[in-house]
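The values are calculated or read from the model by the stated rules, or taken from the named source; none is laboratory data. Keep in mind that what you see is a predicted model, and the values were worked out from it rather than measured. Glycine gets a Cβ as well: all are built from the backbone with ideal geometry, and neighbour counts include every protein chain shown. Just so you know, the surface numbers come from the protein's heavy atoms only, side chains and all, with ligands and any DNA or RNA stripped out. Shrake-Rupley method; radii C 1.70, N 1.55, O 1.52, S 1.80 Å.
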Amino acid sequence: MAYIYDEPSRTFGEYLLVPGYSGKDCIPTNVNLRTPLVKYRRGEEEPAISINTPMVSAIMQAVSNDTMAIALAREGGISFIYGSQTPDAQAQMVRNVKSYKAGFVVSDSNLGPDSTLQDVLDLYERTKHSTVAITDDGTGTGKLLGIVTDKDYRISRMELSVKVTEFMTPASELISGNEETTLKEANDIIWAHKLNALPIVDREGKLKYFVFRKDYSNHKANPLESIDSHKRYLVGAGINTRDYAERVPKLVDAGVDVLCIDSSEGFSEWQKMTIEYIRKTYGDSVKVGAGNVVDAEGFRFLAECGADFIKVGIGGGSICITREQKGIGRGQATAMLEVAKARDEYFKETGVYVPICSDGGIVHDYHITLALAMGADFVMLGRYFSRFDESPTEKIRINGNYYKEYWGEGSNRARNWQRYDLGGASKLSFEEGVDAYVPYAGSLKDNISATLGKIRSTMCNCGVLTISELQKKAKLTVVSSTSIIEGGSHDVILKSSVPMKNQ
């Protein structure tokens, strides 16, 4: 007969942390959230890649593009750009991220000489970028004719049909850099001439990049940002077990820092073949995570295959219906506890520490702290990041409230059949994800600051200042359904629920 586990499969919502002794130095500002992203050997001072914020964005169309990758790297995390697009398109997103941190930004707000003021306003509404390049072909690489900023026009005094050539600052009057200009020189020019943006053009006058004053300020304001040895933002990318021989070389050439096999279930020969290809082609120079698994056996398999980190979780995502459709999965808390134990045993046996990522099951901010306490080195989030300005979806107003679209990779909309591939026909046989909305939450920076504040405060309540200390010293208790109710507001009437008389 089938093997049956003695204990039930539990979720994060069934646990609470029990406070520990907090010394006078145990304050949130002293908490260090730095964590390894990829494996390392006992005795090594530092893994090849670490991040300062234990949060990464999910490999999803509705979550992780180049815009999200830049915003999250700035806050100390890393994004894995979705792979359900062409290899060339995904590689270009990687290039955009790597070039952005270098300070040389490819222009994505461009118009042609026949465009009007109305076109400028429409473009601003879509991108929120106030600097618009006017090029001969309307692209970010055409011959630069001029620049339009919000200081070049006044809506109240101009016709919306006026051509941009009539009010733009022409190229002949612009201070520009050339292909020999270094980032330091570009910033010196910006400060010397009090510019907001410096265009970089080639010998033929074609636009190559912009260097923005605000990027210099952003760098100084974000000390935790995730950067490589060349001070460029770190960026990851998702791959599948079908077209990796075509996709991986293009991503590596684009400068990707780490890959991750995107699959609903990782305990398979397909993942082994993918990792073997990467190791045979690139050795250990290309880092690749694998998954997803939910038990010790799955972890051991992928660790021995050579995975640099392993994702844990099947069916726990808010838009995932894999458990509902197939009856496959495990409660996220139970899966994390077992895999973390297997990770520690593997480290003790081999001297190789393979980080684990909790993927799915996060509903509230405190669930992130629980996941870390249960052994996760970092967490992967989809719904959390999909709510922000930086996610690639549209902001929609419904009944007076704003929402953002959010859909699963296994939904009919995404049709990412490669993620659920079991070697059959090249199609999505049935849906394992839904198409939905999430409440719009504003900017990533504001929200992640609040979330990290909660994590640091909770860690201090537990008497720890690092994630490794939390994993060693945390005390967890299972809660009953009654105590869950007790944990929220109860036996009172909230003021927001009381109808107010008109004054």
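Ranked by the mean number of other Cβ atoms within 10 Å per residue, highest first, peptides 13-20, 303-310 order as 303-310, 13-20.
Computed over the chain, relative contact order equals 20 percent, with contacts defined as Cα pairs under 8 Å that lie 6+ residues apart. Solvent-accessible area per residue in the chain equals 49 Å², computed with a 1.4 angstrom probe and all protein chains kept.
Separation of the stretch 271-344 and the stretch 40-72, taken as the distance between their Cα centroids, equals 16 angstrom. Across the stretch 61-70, computed HN-Hα scalar couplings (Karplus, 6.51 cos²θ - 1.76 cosθ + 1.60, θ = phi - 60°) run 4, 8, 10, 10, 10, 5, 5, 5, 4, 5 Hz from first to last residue, x flagging Gly and Pro. Across the options I190, N447, P47, the greatest Cα extent toward the positive end of the charge dipole of the chain (unit charges at beta carbon of Lys, Arg, Asp, Glu) belongs to N447. Across the stretch 332-341, computed HN-Hα scalar couplings (Karplus, 6.51 cos²θ - 1.76 cosθ + 1.60, θ = phi - 60°) run 5, 5, 4, 4, 5, 5, 6, 5, 4, 4 Hz from first to last residue, x flagging Gly and Pro.
Annotation: the antiparallel percentage among DSSP beta bridges lying fully within the chain is about 55. Here, the stretch 1-132 is characterised by an Rg to Rh ratio of 1.14, where Rg is the alpha-carbon radius of gyration and Rh the Kirkwood radius. Assuming charge only on the beta carbon of Lys and Arg (+1) and of Asp and Glu (-1), the dipole of the chain about its Cα centre is about 920 debye to the nearest 20. For I51, the amide hydrogen comes within under 5 Å of the amide hydrogens of T35, L37, counting only partners 5 or more places away or on other chains and with H modelled in the peptide plane. Residues whose amide H comes within less than 5 Å of that of G289, counting only those at least five positions distant or on another chain, are L259, C260, I261, D308, F309 (H built at 1.01 Å from N in the peptide plane).
What number, rounded to the nearest 500 deg cm²/dmol, is the helix-based mean residue ellipticity at 222 nm of the chain, given -39500 (n - 2.57) per DSSP H run of at least four residues and division by all its residues?
Computed ellipticity for the chain at 222 nm equals -9500 deg cm²/dmol.
The apolar share of the surface of the chain, taken as the fraction of accessible area on carbon and sulfur atoms (1.4 Å probe, ligands and nucleic acids excluded), comes to 50 percent. Computed on the Cα trace of the chain, the radius of gyration divided by the Kirkwood hydrodynamic radius gives Rg/Rh = 1.00. How would you classify the stretch 189-281 from its alpha-carbon gyration tensor, with a ≥ b ≥ c the square roots of the eigenvalues: rounded for a/c under 1.5, else prolate if a/b is greater than b/c, otherwise oblate? Cα axes put the stretch 189-281 in the prolate bin. Backbone amide hydrogens, once placed in the peptide plane, bring K208 within less than 5 Å of I200, V201, D202, excluding anything fewer than 5 places away on its chain. Since only G83, V120, V256 are under comparison, the one whose Cα sits farthest along the positive direction of the charge dipole of the chain, derived from C-beta charges on Lys, Arg, Asp and Glu, is V120.
Per-residue 3J(HN,Hα) values for the stretch 162-173, derived from phi via the Karplus relation 6.51 cos²θ - 1.76 cosθ + 1.60 with θ = phi - 60°, read 5, 6, 5, 5, 8, 10, 6, 7, x, 4, 5, 9 Hz in sequence order (x marks Gly and Pro). Building the convex hull from the alpha-carbon atoms of the stretch 247-398 and averaging its projection over directions returns 10.8 nm².
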